[in-house]
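The values are calculated or read from the model by the stated rules, or taken from the named source; none is laboratory data. Given the structure is predicted, the values throughout are model-derived calculations rather than measurements. Neighbour counts run over all protein chains shown; Cβ positions are idealised from the backbone, glycine included. Side chains are part of the model used for accessible areas, which takes the heavy atoms of the whole protein and leaves out ligands, DNA and RNA. Shrake-Rupley method; radii C 1.70, N 1.55, O 1.52, S 1.80 Å.
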Amino acid sequence: MDTAIGRITGVAGDRLTARALRKGEISYGELVKVAAPRGNVFGFVSRLWSISSAEDFDIDILGEIAHSGHRFERGVSAYPALDAEVRLATAQDFAAIYARPNVPSVRIGALSQAPERGVHVMVDALLGKHFAVLGTTGAGKSCATALILKAVLDACPHGHVVILDPHNEYSRAFGSRAEVFNTANLRLPYWLLNFEEAAATFCSDDPVTREYEVAILKDAILAARLGYARARGGQRADVGYVRVDTPSPYFLDDVVDALEKGAGKLEKPGGALPYMRLLAKIDAFRRDERFAFMFPPEPVDDTIVDIISRLVRVPTDGRPMTIVDLSGAPAEIVDVLVSVLCRLIFDFALWSAETHATPILLVCEEAHRYVPRDAHLGFGPTRRAIARIAMEGRKYGVSLCLISNRPSELSPTMLAQCNTLFALRLSNQQDHDFVRSALPDGMAGLVGALPALRAQEAIVFGDGVSVPMRVRFDTLGEADRPRSATAPFASAWQRTDVGRDYVRATVARWRHHRADPPAPAATSTAAPRPNDAAGIRITPLPARRHSQPGENPPAR
């Protein structure tokens, strides 16, 4: 059917206005075409209204197909004239506009208005220029993200993807294709911290006391790094490359020694307080088993090559993805942990030889926590590390995916760096307005549909797709979905088989920071010591012995 359904009554830069010839023949979101001097101009119906007996509608322009060819192109070379006829797009038009790109691409779903027409995203444009997945809670962000990543990794099985997962959602979705790290198996030693991160870890928050502590700590860490480098290379070793931020090992004992000596030189007790606070903080971290992944008891060794290799999956060894489960990370250190991971990924890419550069995708769940709209919120080093990737990452092969259920709380500068956006349902007016302001002109009609999107649907636009479109994502199998479903209250509250054993196992996991409860200890007839609360023996830490140059400290 190629019958005219309306005529143009107004022409603007990115929009046409038309009047329907017959009422009831046009629907919101329809793809239509209008004859123009050089071909057919295409757009979708973005607004409908009625005045008296007439029915008018707006058309947001997508692009054109010239008379000289059958290839769809974005933009318009010549606008339609007033009174030009408006027709519905045909199946051939759909095939031309939404054809699979002739560059590497992967399928993620189908057009909402034409389910028989698949939707493909261009891999290089999607990953090379950053992308974002936005939507309210329950709209399907995690499943959409998993679907996109699975499609890309199916086509590129030797990829390098790192996911910062604050709620342990994605390990289930990717199974054996992912290396999963948590505080139980992660090794990210303290000497990998740059000085800004070290200061955030050890120094006080109070600005007055912090100023003294920062200066003291900086001298102590630099001296410790230099001491380690000299001990490993001999007195004639070239240590000129060592700075306070250099990712080279050092003994924390040497830092403690420097602080103790500094405190001992001061005559007034009050002058030693900054040193004592730093010593107390370091001691607290070293004694707390929750921080063993950063303050390990084993001797210091230069393990940065192994750490980077496992983090960015070089070689992939059949696991192209790293999932960093942050759900069990102590709140006191989680921001520093994220900062170190983001910075390591960028610095590795920055210093990689161009001929062997390994592109890496960093996926940040709940990105508004790390790069919030308010520059005074969040953790400064993390914000700067992610901002550097957003601004400069594409030059060095580091791509960024930002995922958020509160885009209005996300930094507009960071979102502006994402050249492809997947916008799922957004019910909050602030979020809706924020996404609208981030979109290019002419997308008002598509954005207007955001509150009405069904689950599994999204508006997709940007460099990763040939044209902006409304897509319904393909369905993931139950085993391939992230662990993000809402708790089944109605069915769970019917059960009567949950008892104290469930509480006991939960407490064991809670205390030991382990996914599985520890095996019960062997039965003993000896009376428990006073510190054997709940049957858990606490082993006192051995007395600290100062390390000598070139000597590893004793294991704790």
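Helices that extend 20 Å or more along their long axis by alpha-carbon positions and average at least -0.5 on the Kyte-Doolittle scale are, among the DSSP H runs of the chain, 141-155, 207-233, 273-287, 334-350.
Take each peptide in 98-108, 451-461, 129-139, count the other Cβ atoms within 10 Å of every residue, and average; sorted highest first, the result is 129-139, 451-461, 98-108. Computed FRET efficiency, Cβ-Cβ of Thr303 and Thr137, R0 51 Å: what is it to the nearest 0.05? That pair, Thr303 with Thr137, gives E of 0.85.
Got a number for carbon plus sulfur as a percent of the range 371-468's accessible area, 1.4 Å probe?
After summing per-atom areas, the C and S share lands at 50 percent.
For the range 344-464, the Cα gyration tensor yields ellipsoid semi-axes of 28, 17, 11 Å (square root of five times each eigenvalue, largest first, whole Å).
Per-peptide packing, taken as the mean over residues of other Cβ atoms within 10 Å, places 61-68, 89-96, 206-213 in the sequence 61-68, 89-96, 206-213 from highest down.
The antiparallel fraction among DSSP beta bridges confined to the chain stands at about 70%. Counting protein heavy atoms only, the range 195-251 has 53 percent of its accessible area on carbon and sulfur, 1.4 angstrom probe.
Within the shell of other residues whose beta carbon sits under 14 angstrom from the beta carbon of Ser309, the net charge comes to 0, with Lys and Arg scored +1 and Asp and Glu -1. Taking a straight line from the alpha carbon of Lys261, these lysines sit under 30 Å away, with near neighbours fewer than eight places off in the same chain left out: Lys218, Lys281.
Over the range 19-146, Cα pairs under 8 Å with separation of 6+ residues give a relative contact order of 18 percent.
In this simple spin-label approximation, Val208 and Arg74 carry label points 7 Å from Cα along the Cα→Cβ vector, and these lie 5.6 nm apart. Taking only the alpha carbons of the chain, we obtain Rg and Dmax values of 29.4, 98 Å in that order.
Taking every pair of distinct Cα atoms and averaging 1/r, then inverting, what Kirkwood hydrodynamic radius in Å comes out for the range 178-254?
The answer is 13.9 Å.
Pair-distance distribution P(r) for the range 1-48, from all Cα-Cα distances in 5 Å bins starting at 0: 5, 17, 35, 30, 10, 3 percent. Simple point charges give the picture: +1 on the Cβ of Lys and Arg, -1 on the Cβ of Asp and Glu, and for the chain a dipole about the Cα centre of about 620 debye.
Taking all Cα pairs closer than 8 Å and separated by 6 or more residues, the relative contact order of the chain comes to 19 percent. Per residue, the chain reaches -9500 deg cm²/dmol at 222 nm when only DSSP H runs of four or more residues are counted, each adding -39500 (n - 2.57). What the range 60-123 shows is 51 Å² of accessible area per residue, with the surface traced by a 1.4 Å probe over protein heavy atoms. Pick out, in residue order, every one of the GluC sites (Glu not before Pro) in the range 227-317 that is DSSP loop and has at most 14 other C-beta atoms within 10 Å; say none if there are none. The qualifying sites are Glu267. Of all lysines in the structure, those lying under 28 Å Cα to Cα from Lys395, and not within fewer than 8 positions of it along the same chain, are Lys129, Lys141, Lys150. The residues of the range 272-410 expose, per residue, 43 Å² of accessible area to a 1.4 Å probe. Taking one quarter of the surface of the C-alpha convex hull of the range 251-348 gives a mean projected area of 8.2 nm². Partner lysines whose Cα lies under 22 Å from the Cα of Lys23, excluding those fewer than 8 positions away in the same chain, are identified as Lys33.
Between Ala284 and Cys156, the simple label model (points 7 Å from Cα in the Cβ direction) yields a spacing of 4.4 nm.
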